[in-house]
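A.B. asks: Shown below is the structure under consideration.
The values are calculated or read from the model by the stated rules, or taken from the named source; none is laboratory data. Quantities reported herein were computed from a predicted structural model and do not represent experimental measurements. Using ideal geometry, Cβ is built from the backbone for each residue, glycine included, and neighbour counts are taken over all protein chains shown. SASA here: full protein model, heavy atoms, side chains in, ligands and nucleic acids out. Shrake-Rupley method; radii C 1.70, N 1.55, O 1.52, S 1.80 Å.
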Amino acid sequence: MRAIDALAAATGHVGVPGGGVNYAQRGMSAFIDEDALTGRSGADVREFVRGNQALEIMQSDPPIQVLFVTRTNPLTQVPDSASLRKAYAGIGCKVVIDMYMTETAKAADYVLPCTSVLEEEDVTFTTMWHPYMSYIHPVVPPKGDAKPEWRIFAELAEELGIGERMAGTVAAWLNTALRPLFQHGVTLEQLREEGFVRLPVEEVPFSDGVFLTPSGKFEFASDTARSEGHSSVATYLPPRRAHGFGEHKYTLLTTHPRKHENSQRQQMAPAAEYPTVEVSRRIADARGIQAGDRVRVYNDKASLIGVAKVREEGHPYTVQMESGWSGQGVSINDFTDVDPADFGQQTTQYDCACSVELVERAGA
């Protein structure tokens, strides 16, 4: 990633319209007072690294007695799903708020149904793609016993005798959370009436040539990186488990498709018993695989049956499956490990090796 960023800068493609190599719009968060909603800065809490949470849960002292999950589906989204299932199984009480019976919800003792975006009043923005904040008007009443998440938390707080911490209306919470935005002349009433507002963020990031580095320049060589124990410049690190490593010769890519990310989808997808397994032409020819064949993908951690799709382009030694799939008692992340990446609190999901073999010819 550092090499890609450096290439864009060296060729003059940063700070210009249409340039850059990163689609994240991180400037949006400056207009939300998140701590006013969460109180996190003053909370006495433990924090676990997302990718390594299974081990941290199992080694926690004091042990975790209650797990409360909302806005995520960890049992398909976190590397090494088998270890996470084991960690969750050791927790005495598990509660999940969700609209759907996800893999995480299936593992819970209690599932609390929440409203959808069409059934509640809220404000939404994304840190990707565009600089607009939208106001959400409820257009249909909630179904059954579903409630907005904030109301679920408010009622739980009331039962626990700390109701004052979550007391308030939607308008009160929005007025608190949007105080940074209001300083720019935008009002909640304006947001409600107009439906959306454009936030005052830069149209072209770094157009002034000033970067968020100690020198204020794009740093091809970083003293900060060196001080943190990394190479000062972009450096290639060979994969630990990819092509040519041990028994499993192919790199397994668990990619985010264009139409959905993890458990968030543009539309309801049918439960696919057999995922699509994309293999390169070289792998297909070497393994006698044709499009539509049933194939087995496996490594030392997991195994599943999928339907082959032969890919003519791309890297010749890669197998690709879309993230978010689960079935046959496993998820895509049963294949992956929690090895830490060289930078940041990430894991090496793409440093994952696998094998693939023909199981049944199409139409057989």
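A.B. asks: How would Met133, Met101 line up by accessible area, probe 1.4 Å, largest first?
C.D. replies: Ranked from most to least accessible, the order is Met101, Met133.
A.B. asks: In addition: For Ile91, Ile4, give me the order by solvent-accessible area with a 1.4 Å probe, most accessible first, ignoring ligands, DNA and RNA.
C.D. replies: These residues rank, largest area first, as Ile4, Ile91.
A.B. asks: Right, another one. If Lys and Arg each add +1 and Asp and Glu each add -1, what is the summed charge of the other residues whose beta carbon sits under 12 Å from the beta carbon of Ala105?
C.D. replies: Result for the neighbourhood of Ala105: -1.
A.B. asks: How fast does region 48-139 diffuse by Stokes-Einstein, in µm²/s, taking the Kirkwood radius from C-alpha pairs at 20 °C and 1.002 mPa s?
C.D. replies: Translational diffusion coefficient: 143 µm²/s.
A.B. asks: Heavy atoms of the protein only, probe of 1.4 Å, neighbouring chains included. What is the accessible area of Glu149 in Å², nearest 10?
C.D. replies: 60
A.B. asks: Full-extension gain between Asp208 and Glu312, please, as 0.36 nm times their residue separation minus the C-alpha to C-alpha distance.
C.D. replies: Using 0.36 nm per residue and subtracting the Cα-Cα distance, I get 33.2 nm.
A.B. asks: Please work out how much length the chain gains when fully extended from Glu34 to Ala286, using 0.36 nm per residue of separation minus the C-alpha to C-alpha distance, in nm with one decimal.
C.D. replies: Computed gain between Glu34 and Ala286 is 85.4 nm.
A.B. asks: Using amide H atoms built in the peptide plane, which far-off residues or other-chain residues are under 5 Å from Ile136 H to H?
C.D. replies: Asp122, Val123, Thr124
A.B. asks: For region 343-364 and region 88-121, what is the separation of their C-alpha centers, rounded to whole Å?
C.D. replies: Taking the Cα centre of region 88-121 as reference, the centre of region 343-364 is 29 Å away.
A.B. asks: Another one. Quick check: from the Cα gyration tensor, does region 284-351 come out rounded (a/c under 1.5), prolate or oblate?
C.D. replies: Taking the square roots of the gyration eigenvalues as a ≥ b ≥ c, region 284-351 is oblate.
A.B. asks: Would you please classify the overall shape of region 146-301 from the alpha carbon gyration tensor, given that a ≥ b ≥ c denote the square roots of the eigenvalues, rounded means a/c under 1.5, and beyond that prolate means a/b larger than b/c while oblate covers the rest?
C.D. replies: The shape class here is oblate.
A.B. asks: If you take the Cα atoms of the chain, find Rg, then find the Kirkwood Rh from the mean of 1/r over all pairs, what is Rg/Rh?
C.D. replies: Ratio of gyration radius to Kirkwood radius for the chain: 0.99.
A.B. asks: Quick check: pseudo-label points 7 Å beyond the Cα along Cα→Cβ at Ala272 and Ser116, how many nm apart are they?
C.D. replies: Each label point is offset 7 Å from its Cα along the Cβ direction, giving 2.2 nm.
A.B. asks: Still on this structure, I have one more. Taking H placed 1.01 Å from N in the peptide plane, check which residues at least 5 places from Phe68 or on another chain put their amide H under 5 Å from its amide H.
C.D. replies: The list, which skips near neighbours in sequence, is Val95.
A.B. asks: Using 7 Å Cα-to-Cβ label points, what is the Glu228/Tyr132 separation (nm, one decimal)?
C.D. replies: In this crude label model, Glu228 to Tyr132 measures out at 3.5 nm.
A.B. asks: Net charge within 9 Å of Arg361 by Cβ-Cβ distance, Lys/Arg positive one each and Asp/Glu negative one each, not counting Arg361 itself?
C.D. replies: -1
A.B. asks: Using a 1.4 Å probe on the protein heavy atoms only, what accessible surface does Thr76 show? Give it in Å² to the nearest 10.
C.D. replies: Near enough 10 Å² of accessible area.
A.B. asks: Compare Asp109, Asp293, Asp33 by solvent-accessible area with a 1.4 Å probe and give them largest first, with all protein chains kept in place.
C.D. replies: Ranked from most to least accessible, the order is Asp109, Asp33, Asp293.
A.B. asks: Given contacts defined as C-alpha pairs under 8 Å and at least six residues apart, what's the relative contact order of the chain, whole-number percent?
C.D. replies: Worked out over the chain, it gives 17 percent.
A.B. asks: Now a separate question. What length, rounded to one decimal in nm, is gained on full extension from Val49 through to Lys217, with 0.36 nm per residue of separation minus their alpha-carbon distance?
C.D. replies: Extending this stretch completely gives an extra 57.4 nm.
A.B. asks: While we're here: Do the alpha carbons of any pairs in Lys106/Lys309; Lys86/Lys259; Lys259/Lys309; Lys143/Lys301 sit beyond 29 Å of each other, and which pairs?
C.D. replies: Lys106/Lys309; Lys86/Lys259; Lys143/Lys301
A.B. asks: Can you give the accessible area of Met58 in Å² (nearest 10), computed on protein heavy atoms with a 1.4 Å probe?
C.D. replies: 90
A.B. asks: Spin-label point model (7 Å from Cα, Cβ direction): what's the Asn262 to Asn175 distance in nm?
C.D. replies: Using points 7 Å along Cα→Cβ, the separation is 3.3 nm.
A.B. asks: State the three equivalent ellipsoid semi-axes of region 106-198, derived from the C-alpha gyration tensor as the square roots of 5 times its eigenvalues, in descending order and whole Å.
C.D. replies: 27, 17, 13
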